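Computed from the coordinates by the stated procedures, all read-outs in this text should not be read as laboratory data. All values derive from a computational prediction rather than experimental measurement. Here Cβ is always computed from backbone atoms with ideal geometry, including for glycine, and neighbour counts include all displayed protein chains.
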Amino acid sequence: MGIVLGIESSCDETAAALVTTDRRIVAQRIASQDAEHAPYCGVVPEIAARAHAERLAPMIEAVLADAGIELSDLDAIAATAGPGLIGGVMVGLVSAKALAMASEVPLIAINHLEGHALSPRLADPALEFPYVLLLVSGGHCQILRVDGVGQYLRLATTIDDALGEAFDKTAKILGLGFPGGPAVERLALEGNAKAVPLPRPLVGSGEPHFSFAGLKSAVLRAKDSGKHADADIAASFQQAALDCVLDRLRIALDASDAPALVVAGGVAANKTIRAALEGLASERGMRFVAPPPALCTDNAAMIAWAGCERLGQSDPLDFVARPRWPLDPEAEPVRGAGYKA
Ligand code: KG4
Ligand code: ZN
């Protein structure tokens, strides 16, 4: 059995965790920076990097103390090396390099998206490759076929906003604060999902990708019209986004042959979305796997687990942090897609 230290600092969560190869989360610490970023309704990279730098080292000390082990007892140190806000990524990666050098423990540079992509296997030992993965977070919105560790075929991506971003923007329009996903989900429970007519971009089109920019603009118009209750806008937005996701997933599932549908990333914490995906999987006779919500949003256990999956690998101490790092480097850029991997 091996034990890996995971470090996560790519966005606004500072986290450290110890995970064993037999899937035990031995210790973990996580600090959210929501309060620091809330006044700006979004993550400010400079503030994020400073907060990671202040918090990470004591957190690593704390998880080692919780587990009663020393650095030299580790089988690897796994750190997010991209994609993400580069200042934050560098804080985590440089810390991992220093610890690896001092303790002579191997460094494993982890793709944050692979952390999300493999997290369902930490939660569910029975989940085998291949599976179709809906990866939906604040910065990413993709459907991938996961054939193995490091083997990803991108089936769809977004041509504009990510799904989590659409939730965050809707929250901002409705004055719900940041991060917006959980707040929109809560308000939607009190609203009527059929009350506000909203578009479903690309639904019914043959191409597989996502688009949420038009939906966001329609939410803004609905709010500005003054005709609708905020709860109805939230519920109608969530339903429209969900209809888009289900329609896009049907295309991807038709194009891939995998026995399981899996969801990961921050938006996977949304109960309405989880329930609808479970329905789609059962309609198709597929298994459905969704990690517990705490493993869906950014965390270090998923990074440590990706390190467990990659145990034996040792990355050089001059490994360069990557602001962009697509899981499927062969995938063609899509029309309209900005910087999204
Ligand atoms: O994976 P994550 O923690 O960070 C990124 O790597 O982006 O995802 C954060 C995103 C945010 O956009 C947040 O609003 C969204 O996930 N999110 C949710 C929910 N919880 C988090 N969206 C909808 N419903 C939720 N319950
Ligand atoms: Zn993430």
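Geometric descriptor of the range 19-161, per residue, is 125 Å³ (volume of the convex hull of the Cα atoms). Sparsely packed loop sites in the range 158-236 (the GluC sites (Glu not before Pro) outside DSSP H, G, I, E and B with at most 14 other Cβ atoms within 10 Å) comprise GLU190. With a simple spin-label model that places each label point 7 Å from the Cα along the Cα-to-Cβ direction, the separation between GLU278 and GLU128 comes to 2.4 nm.
Of the peptides 12-21, 323-332, the ranking by mean beta-carbon count within 10 Å, highest at the top, reads 12-21, 323-332. With the convex hull drawn around the C-alpha atoms of the range 100-161, the volume per residue stands at 119 Å³.
Run through the range 165-196 and list the trypsin sites (Lys or Arg not before Pro) located in a DSSP loop whose Cβ has at most 14 other Cβ atoms within 10 Å.
On the way: sites: LYS169, LYS172, ARG186, LYS194; in loops: LYS194.
Listed in order of number, the matching sites are LYS194.
Diffusion coefficient (Stokes-Einstein, Kirkwood radius over C-alpha pairs, 10 °C, 1.306 mPa s) for the range 149-244: 116 µm²/s, rounded to a whole number. Sorted ascending by nearby beta carbons within 10 Å, beginning with the fewest, SER314, SER236 become SER314, SER236. Inter-part distance, the range 166-202 to the range 295-319, computed on C-alpha centroids, equals 33 Å. In a DSSP loop and with at most 16 other Cβ atoms within 10 Å, the trypsin sites (Lys or Arg not before Pro) in the range 15-91 are ARG23, ARG24. Using the empirical formula 2.2 N^0.38 Å as the baseline, the Cα radius of gyration of the range 82-235 reaches a ratio of 1.30.
Cα-based values for the chain, radius of gyration first and Dmax second, are 19.7, 64 Å.
If you plug the beta carbon distance of ASP147 and CYS41 into 1/(1 + (r/R0)^6) with R0 = 35 Å, you get a FRET efficiency near 0.35. By the compact-protein rule of thumb, 2.2 N^0.38 Å, the alpha-carbon radius of gyration of the range 16-66 corresponds to a ratio of 1.40. Taking the Cα atoms only, what angle lies between the long axis of helix 230-255 and the longest principal axis of the chain, rounded to 10 degrees? That works out to roughly 70 degrees. Divided by 2.2 N^0.38 Å, where N counts the residues, the Cα radius of gyration of the range 223-341 comes to 1.36. Over the range 222-273, the fraction of Cα-Cα pairs per 5 Å bin, rounded to whole percents and listed from the shortest bin up, is 4, 15, 20, 20, 16, 10, 7, 5, 2, 0. Shown in residue order for the range 144-150 are the 3J(HN,Hα) couplings computed by the Karplus curve 6.51 cos²θ - 1.76 cosθ + 1.60 at θ = phi - 60°: 10, 9, 9, 9, x, 5, x Hz (x for Gly and Pro).
Cβ neighbours within 10 Å, averaged per peptide: list 272-283, 68-79 in order, most packed at the top. Don't skip to the answer; put the middle values down first.
Details: 272-283: 16.5, 68-79: 19.3.
Top of the packing list down: 68-79, 272-283.
This model, with +1 at the C-beta of Lys and Arg and -1 at the C-beta of Asp and Glu, gives the range 235-341 a dipole about its Cα centre of some 260 debye.
Let me know the whole percent of all Cα-Cα pairs from the range 1-88 that are separated by more than 22 Å.
30 percent
The angle between the Cα long axis of helix 86-103 and the longest principal axis of the Cα atoms of the chain comes to about 20 degrees, rounded to the nearest 10.
For the range 153-201, the normalised intensity computed at q = 0.21, 0.29, 0.30, 0.32 Å⁻¹ comes to -0.84, -1.14, -1.16, -1.19 (log10 of I(q)/I(0), Debye sum over alpha carbons, equal scatterers, no solvent).
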